[in-house]
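**Student:** First the structure, then my questions, so here it is.
The values are calculated or read from the model by the stated rules, or taken from the named source; none is laboratory data. Bear in mind that the values here come from a model prediction, so they are computed numbers and not experimental data. Backbone-built Cβ (ideal geometry, glycine too); neighbour counts: all protein chains shown. Just the protein is used for accessible areas: all its heavy atoms, side chains included, with ligands, DNA and RNA removed. Shrake-Rupley method; radii C 1.70, N 1.55, O 1.52, S 1.80 Å.
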Amino acid sequence: DGGITQSPKYLFRKEGQNVTLSCEQNLNHDAMYWYRQDPGQGLRLIYYSQIVNDFQKGDIAEGYSVSREKKESFPLTVTSAQKNPTAFYLCASSIDGNNNEKLFFGSGTQLSVL
Amino acid sequence: GDSVTQMEGPVTLSEEAFLTINCTYTATGYPSLFWYVQYPGEGLQLLLKATKADDKGSNKGFEATYRKETTSFHLEKGSVQVSDSAVYFCALRPSSNTGKLIFGQGTTLQVKP
């Protein structure tokens with residue numbers, strides 16, 4: 001089945017630790033996105049990538065980093081600089097960055113701070 | 001900047017009741033508008049969309065009409081079911097097509113038998 005796979009489903013971070021959230025898609029989509037979901041605030045864009053080896057900051061990129069070395073993979077690292085990382089993280093993809101209205105979402109990763 | 005505002009939830013209805021979830025937007029030009037749905041423990045799925053003024057998007061009994069004059073895109077369904085219980089997100093894609101969607105804060109719908 002084609003789709004987007006996020007792992008792990010639950011992740012815990014200790015103080016000062018970097019953690020990496022995985023996102024893999026087998027839809028052959030060019031564009032991929034990372035959103036953060038907080039209760040009552042909807043989804044906010046962290047980073048997006050319209051093509052391999054290229055990515056842009058979204059609205060809340062501080063404290064996060066990404067890479068896009070392969071078309072099917074777009075991992076998100078939550079660094080120790082992100083002081084409030086507890087949230088639900090959603091990865092998405094679309095056919096290309098210009099036809100982005102239909103986003104396909106993964107099932108999310110819940111990150112919590114120990 | 002561009003933004004989306006949804007009515008606050010949670011919205012609690014009995015089965016077969018009429019549903020309206022309000023959504024208004026602020027944007028320059030002519031954005032495209034969307035409703036996404038998130039079922040418990042899952043990611044978001046596109047429910048319907050409209051790309052120009054007066055367009056009506058529809059899917060699974062849900063409808064929304066792009067109203068340029070009132071900058072609104074309210075979601076409606078004539079008879080809700082328990083299985084419609086979910087979080088509903090209104091979103092817009094700016095006319096500048098910067099490669100991202102802007103989401104509202106989401107409205108939780110709970111339908112009771």
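**Student:** Looking for whichever is among the polar types (S, T, N, Q), within 13 Å of another protein chain (Cβ to nearest Cβ) and touching a residue at least 60 places away in the same chain (Cβ under 8 Å) here; the options are B:Gln81, B:Gln6, B:Gln110, B:Gln45. Which one fits?
**Tutor:** Result: B:Gln6 is the single residue among B:Gln81, B:Gln6, B:Gln110, B:Gln45 that is among the polar types (S, T, N, Q), within 13 Å of another protein chain (Cβ to nearest Cβ) and touching a residue at least 60 places away in the same chain (Cβ under 8 Å).
**Student:** Give the range B:97-107 a look and list any residue that's crowded, with 20+ Cβ neighbours inside 10 Å and more than 7 Å from chain A (Cβ to nearest Cβ), or say none.
**Tutor:** B:Ile102, B:Thr107
**Student:** Here is a check on your reading of the model: is B:Pro94 within 11 Å of another protein chain (Cβ to nearest Cβ) and surrounded by fewer than 20 Cβ atoms within 10 Å (Cβ to Cβ)?
**Tutor:** Yes.
**Student:** Where the second residue is open to solvent by 50 Å² or more (accessible area, probe 1.4 Å) and aromatic (Phe, Trp, Tyr) and the first is within 7 Å of chain B (Cβ to nearest Cβ) and lies in the range A:30-59, which pairs have Cβ atoms under 8 Å and are six or more apart or on separate chains?
**Tutor:** Pairs found: A:Tyr48/A:Phe55.
**Student:** Restricting to strands (runs of 3 or more DSSP E) lying wholly in the range B:1-62: which have 1 or more residues that are under 15 Å from the mean Cα position of the chain (by Cα) and under 17 Å from A:Leu43 (Cβ atoms)?
**Tutor:** Ranges flagged: B:3-6, B:19-21, B:23-26, B:32-38, B:44-50.
**Student:** If you don't mind, another one. If B:Pro113 satisfies every condition in (1) open to solvent by 10 Å² or more (accessible area, probe 1.4 Å); (2) under 25 Å from A:Gly108 (Cβ atoms); (3) in contact with a helix residue (DSSP H, G or I) (Cβ under 7 Å, 6 or more places away or on another chain) but one, which is the exception?
**Tutor:** All conditions are met except number (2).
**Student:** Could you identify the single residue in A:Lys83, A:Lys102 that is closer than 28 Å to B:Val4 by Cα, part of a loop (DSSP other than H, G, I, E, B) and either open to solvent by less than 60 Å² (accessible area, probe 1.4 Å) or more than 9 Å from every other protein chain (Cβ to nearest Cβ) (or both)?
**Tutor:** A:Lys83
**Student:** Within the range B:1-49, how many residues are over 11 Å from B:Leu75 (Cβ atoms) and either open to solvent by 60 Å² or more (accessible area, probe 1.4 Å) or in contact with a strand residue (DSSP E or B) (Cβ under 7 Å, 6 or more places away or on another chain) (or both)?
**Tutor:** Qualifying residue count for the region: 31.
**Student:** Which of the residues spanning the range B:55-78 are open to solvent by 40 Å² or more (accessible area, probe 1.4 Å), more than 14 Å from chain A (Cβ to nearest Cβ), more than 15 Å from B:Thr26 (Cα to Cα) and not hydroxyl-bearing (Ser, Thr, Tyr)?
**Tutor:** The answer is B:Lys56, B:Lys60, B:Gly61, B:Glu63, B:Glu76, B:Gly78.
**Student:** Can you tell me how many residues in the range B:81-91 are open to solvent by less than 50 Å² (accessible area, probe 1.4 Å), farther than 19 Å from A:Asp38 by Cβ and outside any helix (DSSP H, G or I)?
**Tutor:** Final tally of qualifying residues: 1.
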